[in-house]
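Values in this text are rule-based calculations from the coordinates and carry no lab data. Keep in mind that what you see is a predicted model, and the values were worked out from it rather than measured. Glycine also receives a Cβ, built like all others from the backbone with ideal geometry; neighbour counts cover every protein chain displayed.
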């Protein structure tokens, strides 16, 4: 009985939660290009649910299936996180696990960042890049590739919604983070990251598509020559 009550509660709560996130995001439709991005995505996905698409395409990719669980970061949440890490126009922003690409578009169009977004699922990448070309959005690049192949050496801000990452992928990523330049910031949803020189500078309660969570903010410290990654 308790299980059925929980399912019923979620079924009632999720539409309300989703609607509240959309209302918060609507304030950014004052920027014409962001409105056009969302309209283009609505047209692209109205007949194919992103959650089921991720499950279907993920079945053919050699990674643990739970790592491809679909979720989105609302623009209001994205704006709060970019303010928290003091993002500046022109900085390089790296998104690891971009999904549909809404965060990548927002970081470029709203915040003026130069964006590289990594995503394994081909439909998400293809649709996002089609929208980018159609709307002539420059300085954002979508890569259909494993996030572990990303070059972090020149990145100013890393964004990771890694809630469902497996331990092996997370460990490999934390090893790569040691190559971040001093002063680079890392935003990680759901849990803090551990890497040599990476310091936690704060945490922010946030709303995301799957509910409420916490974002952990990090900064790479200045390293001595003897502390450089090998």
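See the values below:
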read-out	value
Neighbour-count order for 113, 135, 217, fewest beta carbons within 10 angstrom listed first	135, 217, 113
Rounded to 5, percent antiparallel among DSSP beta bridges of the range 2-227	45 percent
Per-residue Cβ neighbour rank within 10 angstrom, fewest leading, 174, 86	86, 174
Normalised per residue, the volume of the convex hull around the Cα set of the range 2-227 (Å³)	131 Å³
Ranked 41, 220, criterion: other C-beta atoms within 10 Å, fewest first	41, 220
Paramagnetic label zone (point 7 Å from Cα along Cα-to-C-beta, residue 31; backbone N under 20 Å) in the range 103-120	103-118
Highest average packing first - 182-189, 56-63, 72-79, 162-169, Cβ atoms within 10 Å	72-79, 182-189, 162-169, 56-63
For the range 55-96, fraction of C-alpha pairs farther apart than 14 Å, in %	63 percent
